[in-house]
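The values are calculated or read from the model by the stated rules, or taken from the named source; none is laboratory data. This structure is a prediction, so every number in the text was calculated from the model and none was measured. Here the Cβ positions follow ideal geometry from the backbone for every residue, glycine too, while neighbour counts run over all protein chains shown.
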Amino acid sequence: MNLNDVLNQLLLSKDLIDLELYDKALDQINDHLLLNQKENREEVSNFLWKLKTIFQIKKGYIQTFSLIKNKEGRVKLE
C-alpha cells in the first residue's frame, strides 16, 4: 500500500483503524521526511513533520480509548 492510499484510509475513515496501519504510515512519512530534510526542502519537511505529529497524536488517542473500552468491558463482566 503506498503512502497516498494509507493517508486516505486513515484520514477519511470514521471507523477505528488498525494501529499497524498508523505504524506503516508513520514509517513512510518519516522516510519521506528524512529524504526531504537532506534535500533542504523546508516547506515539504515542515508539512511532513506536522502530518507525522497529527498521526502520532491520533494513534495515541486510539490506543487510550481502546484501553478504556477494554477496561470498561472487563468491569461490566465482573
Exercise for review: Quick one: which residue in Asp5, Asp15, Asp31 is modelled with pLDDT of 70 or more, loosely packed, with under 12 Cβ neighbours inside 10 Å, charged (D, E, K, R) and at negative phi?
Suggested key: Asp5
Exercise for review: Output the number of residues of the range 15-66 satisfying the condition of being β-branched (Val, Ile, Thr), touching a helix residue (DSSP H, G or I) at 6+ places or on another chain (Cβ under 7 Å) and either over 16 Å from Asn4 (Cβ atoms) or not in a helix (DSSP H, G or I) (or both).
Suggested key: 2
Practice item. Sort through Glu72, Glu43 and tell me the only one that's modelled with pLDDT of 90 or more, on the phi < 0 side of the Ramachandran plot and among the charged types (D, E, K, R). Key: Glu43
